[in-house]
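Peer 1: Below is one structure. I have some questions about it.
The values are calculated or read from the model by the stated rules, or taken from the named source; none is laboratory data. Computed from a predicted structure; not experimentally measured. Because the Cβ atoms are built from the backbone with ideal geometry, glycine has one as well, and the counts that use them run over all protein chains shown. We work out accessible area using only protein heavy atoms, side chains counted, and drop any ligands, DNA or RNA first. Shrake-Rupley method; radii C 1.70, N 1.55, O 1.52, S 1.80 Å.
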Amino acid sequence: PVRDVRPGELYRVSVKVKGEHASSQVKWQKDGKWTSLPGRILDRGEADPDGWRTFETVVIVPAGADILNFSVWAWLAENERVELKDASVRLVDPANVR
């Protein structure tokens with residue numbers, strides 16, 4: 001989790017994932033408790049030749065949130081696996097968003 005986020009701040013959230021049955025999302029908390037504020041599923045990019053795909057989104061911290069939670073999960077058959085790398089949550093300067 002990223003604590004002490006402030007309403008109106010922008011964050012770029014991303015992770016590289018190898019595996020077919022994965023998803024990722026951002027959800028919000030206030031004072032350590034889950035909120036009913038809408039979360040956001042990360043956009044799932046195309047796989048590169050090695051099977052890695054980037055999941056990424058930009059979120060605006062909503063009023064009523066002070067913690068950003070970023071999670072990745074997967075539904076796997078017995079012999080499947082998912083690998084993760086390069087996970088990041090970065091504060092974005094609004095002047096740099098196109």
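Peer 1: Residue under question is Ser23, and the condition is that it be in a strand (DSSP E or B), touching a residue at least 12 places away in the same chain (Cβ under 8 Å) and out of contact with any Ser or Thr (no Cβ under 8 Å at 6 or more places or on another chain); does it hold?
Peer 2: Working: in a strand (DSSP E or B): yes; touching a residue at least 12 places away in the same chain (Cβ under 8 Å): yes; out of contact with any Ser or Thr (no Cβ under 8 Å at 6 or more places or on another chain): yes.
When the stated conditions are applied, Ser23 passes them.
Peer 1: If you go through the range 3-31 one residue at a time, how many are open to solvent by 40 Å² or more (accessible area, probe 1.4 Å) and farther than 14 Å from Gly51 by Cβ? Spell out how you get there, then give the answer.
Peer 2: Here is the first cut: in the range 3-31, the ones open to solvent by 40 Å² or more (accessible area, probe 1.4 Å) are 3-4, 6-9, 12, 16, 18, 20-21, 27, 30-31.
Still in the list and also farther than 14 Å from Gly51 by Cβ: 3-4, 6-9, 12, 27, 30-31.
Total satisfying the criteria: 10.
Peer 1: Between residues in the range 72-85 that are under 10 Å from Ser23 (Cβ atoms) and open to solvent by 90 Å² or more (accessible area, probe 1.4 Å) and residues that are hydrophobic (A, V, I, L, M, F, W, C) and assigned to a strand (DSSP E or B), which pairs lie under 9 Å by C-beta distance while being six or more apart or on different chains?
Peer 2: Matching pairs, first to second residue: Trp75/Ala22.
Peer 1: Sticking with this structure for a sec: Could you grab me the full set of residues in the range 32-46 that are open to solvent by 50 Å² or more (accessible area, probe 1.4 Å), assigned to a loop (DSSP other than H, G, I, E, B) and under 27 Å from Glu80 (Cα atoms)?
Peer 2: Glu46
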